[in-house]
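Asker: Dropping a structure here in structure tokens format, bear with me for questions.
The values are calculated or read from the model by the stated rules, or taken from the named source; none is laboratory data. Computed from a predicted structure; not experimentally measured. Cβ coordinates were reconstructed from backbone atoms using ideal geometry, including for glycine residues, and neighbour counts include every protein chain displayed. Protein only, heavy atoms only, side chains kept; ligands, DNA and RNA dropped before computing areas. Shrake-Rupley method; radii C 1.70, N 1.55, O 1.52, S 1.80 Å.
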Amino acid sequence: MTTPKKKQKTKAEQTTSQRLSSVIKSVRTIMRKDKGLNGDADRLPMLTWLMFLKFLDDLEQTHQEEAEFEGRTYRPVLDGIYRWSGWAKSDVTGDDLLNFINQEKYELEPGKEMPGLLSYLRNLEGEGARDRRTVVAEIFRGVQNRMINGYLLKEVVQKLDTLDFTSSEESHTLGALYEGMLKEMRDAAGDAGEFYTPRAVVRFMVKALDPKLGEVVLDPASGTGGFLVEAFEHLKDQAKTTEELEVLQNRSVIGGEAKPLPYLLAQMNLTLHGMESPQIDSGNSLRFNLSEIGDRDRVDVILANPPFGGEEEKGIQNNFPADKRTNETALLFMQLIMRKLRRQTSNQRGGRAGVVVPNGFLFDASTAGIAIKKDLLSEFSLHTIVRLKEGVFSPYTDIPTNILFFERNLPSKDIWYYESPLPDSRKKYTKTKPIQFDEFAPLLNWWDNREENDRAWRVDVSAIAGNNYNLDIKNPNAAQDFEHMPPQELLADIMHKERRILELLEELQVELGQGVAADA
């Protein structure tokens, strides 16, 4: 009798997420060997523009097949050899690949010169701002190849060639992986934090404002595109028909980002989440004269975390009213956001906004700061201020921040404040223990059923106007938080209570003395 052979265990097939994670990890490992790349701040942009070209080629292939099926001609965005499939799959050596990418003029064969890849991409010309060629040229105007080892570069290209952006599952998974890499870059490179808003905060703000398909959502300081991506995903669930999908793709989400690196990262972020032609203006959103922004420029929803602590030059400041001119970037962005919100009409809701501001904005007593807040309260309904705890934007900054929610309809009457608490036993948020979306659940439950409690309180606008427009109102309902109180305040509080106890004892002693004298 023969014993049956044991069935050989087959290696479990990798999931899409596992396979793509493995590809991206391999690529980053290869990049770490290249001496031209210095940390994630160099590696992620390099990975991004290479992935973008692979994505664009896959998209071109899909469009070409659709055109052939429908019997029409299709003009690709990039000419043959400049498409990913035209050079990434070729058998050129690593050194030749480096030369083709880097050189202004590349000699394909003796006596036959042509523009190098990056030179070609930077000089593309489209028929208007929305043309894909114009967008590609804008993306690559600030791109450089920082890899110096051709052999390693070829390895990276071969790994990325295994990605399939025609698969919606792969694109979705890569979108999630990419967001993780953006967070890593923020944590690793201090200044990059200015372009990144924690995902939990972004998700909460989008949920609270609840954009509807057909409305236009703007982030004038897009950074790496977090608000735009979340708004796009929120609207995507509402698009069912072909017409609604066309609205989603072309008339829903717009942004502005002046710095080349975050502009590139935002383009890729939106692309990986399914937006074919992201509409992000690569100029400074503050470059337009405020008085010239009219109804055709206004939008329904604005979500923003403008850079705070930055300074703008005189030419930009002159775009703003004389009494509100300042070099403080956040104050200028607040004016732009107020101006860009759609006016309320008899058949259309006024625009609404959610804006992250530092504590300094609330108590700003400068001429410009007071004038801006006065306009905000008299021309808009500032209905909610969410006070976030220290460390939400760590490690970029520990400055306490707030989220202002306002709508362009009626003047402000009462302002609701909501103090978002720290989790139990935590003194502050940190890089390794960031804020989580679940922590906003009580606030979202309260949002449509508002009542005062130990975290929420209401303030009459007249009290704020009478106090020099100071919006920095402390929570009157909160129990004294001794654990998180600074040592000096804690000591002062103890001494104040001790003095009060002594006063009461002295009063009691006097009363007792008087009672004894009367009995005698």
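Asker: Per residue of the stretch 53-70, in order, report the coupling 6.51 cos²θ - 1.76 cosθ + 1.60 (Karplus, θ = phi - 60°) as ³J(HN,Hα) in whole Hz, putting x for Gly and Pro.
Answerer: Per residue, the Karplus-derived 3J(HN,Hα) values read 5, 5, 4, 4, 5, 5, 5, 4, 4, 4, 5, 5, 5, 5, 5, 5, 5, 8 Hz.
Asker: Another question about this same structure. Mind ordering 436-449, 220-233 by average Cβ neighbours within 10 Å, highest first?
Answerer: 220-233, 436-449
Asker: Continuing with the same structure: Regarding the stretch 349-461, what are the three Cα extents along the principal axes, ordered largest first, in Å?
Answerer: Principal extents (Cα only, largest first): 41, 34, 25 Å.
Asker: With a Cα-only, solvent-free Debye model of the stretch 76-177, what are the log10 I(q)/I(0) values at q = 0.18, 0.23, 0.25 Å⁻¹?
Answerer: -1.03, -1.35, -1.38
Asker: What order do you get for 236-243, 268-275 when each peptide is scored by the mean count of other beta carbon atoms within 10 Å, highest first?
Answerer: In decreasing order of mean packing, 236-243, 268-275 become 268-275, 236-243.
Asker: Whose amide H sits under 5 Å from the amide H of Y396, counting only residues 5 or more places off or on another chain, with H placed in the peptide plane?
Answerer: For Y396, no residues qualify.
Asker: Rounded to the nearest Å, what's the spacing between the alpha carbon centres of the stretch 125-146 and the stretch 402-457? Just the number, please.
Answerer: One Cα centre to the other: 40 Å.
Asker: Here is a further query. Based on the mean of other Cβ atoms within 10 Å per residue, sort peptides 35-43, 308-316 so the most packed one is first. Let's see the in-between values first.
Answerer: Values: 35-43: 16.1, 308-316: 13.6.
Peptide ranking by packing, descending: 35-43, 308-316.
Asker: Considering only protein heavy atoms and a probe of 1.4 Å, how much of the accessible area of the chain is carbon and sulfur, as a whole percent?
Answerer: 49
Asker: Each residue of the stretch 461-466 in turn: what ³J(HN,Hα) in whole Hz from Karplus with 6.51, -1.76, 1.60 and θ = phi - 60°, glycine and Pro shown as x?
Answerer: Along the stretch 461-466, the couplings run 4, 4, 5, 6, 4, x Hz.
Asker: On a 0 to 90° scale, report how tilted helix 16-32 is relative to the longest principal axis of the chain, with both axes built from alpha carbons and the result rounded to the nearest 10.
Answerer: Roughly 80 degrees between the two axes.
Asker: Based on the alpha-carbon gyration tensor of the stretch 287-432 and its eigenvalue square roots a ≥ b ≥ c, which shape applies: rounded if a/c is under 1.5, prolate if not and a/b is larger than b/c, or oblate? If you can, show how the numbers build up before the last one.
Answerer: Working: a/c = 2.03, a/b = 1.37, b/c = 1.48.
Because a/c hits 1.5 or more and a/b fails to exceed b/c, the stretch 287-432 counts as oblate.
Asker: From the convex hull of the Cα coordinates of the chain, what is the mean projected area in square nanometres?
Answerer: 43.6
Asker: Right, another one. Quick one: what are the phi-derived ³J(HN,Hα) couplings along the stretch 211-227, Karplus 6.51/-1.76/1.60 with θ = phi - 60°, whole Hz, x for glycine and proline?
Answerer: x, 10, 4, x, 8, 9, 9, 10, 10, x, 10, 5, x, 8, x, x, 5
Asker: Quick one: how many Å² of T367 are accessible to a 1.4 Å probe, rounded to 10?
Answerer: Roughly 110 Å² of T367 is accessible to a 1.4 Å probe.
Asker: How long is the stretch 373-439 along each principal axis, judged by its Cα atoms, biggest number first, in Å?
Answerer: In descending order, the Cα extents are 42, 22, 16 Å.
Asker: Could you do me a favour and compute the accessible area per residue for the stretch 1-146, 1.4 Å probe, result in Å²?
Answerer: 61
Asker: With the radius of gyration and the Kirkwood radius both derived from the Cα set of the stretch 257-316, what is their ratio Rg to Rh? Spell out each step's value before the answer.
Answerer: On the way: Rg = 13.8 Å, Rh = 13.8 Å.
Reported Rg/Rh (Cα atoms, Kirkwood Rh): 0.99.
Asker: For the stretch 180-325, what is the convex hull (Cα atoms) projected area averaged across all directions, in square nanometres? Let's see the in-between values first.
Answerer: Numbers: hull surface 38.1 nm².
For the stretch 180-325, averaging the hull's shadow over all directions gives 9.5 nm².
Asker: Helix 329-340: angle to the longest alpha-carbon principal axis of the chain, degrees 0 to 90, nearest 10?
Answerer: Tilt relative to the chain: about 80 degrees.
Asker: Set the Förster distance to 51 Å, then compute FRET efficiency between K33 and A365 from the Cβ-Cβ distance, nearest 0.05. Numbers along the way, then the final one.
Answerer: Details: r = 54 Å, r/R0 = 1.06.
The formula returns an efficiency of 0.40 here.
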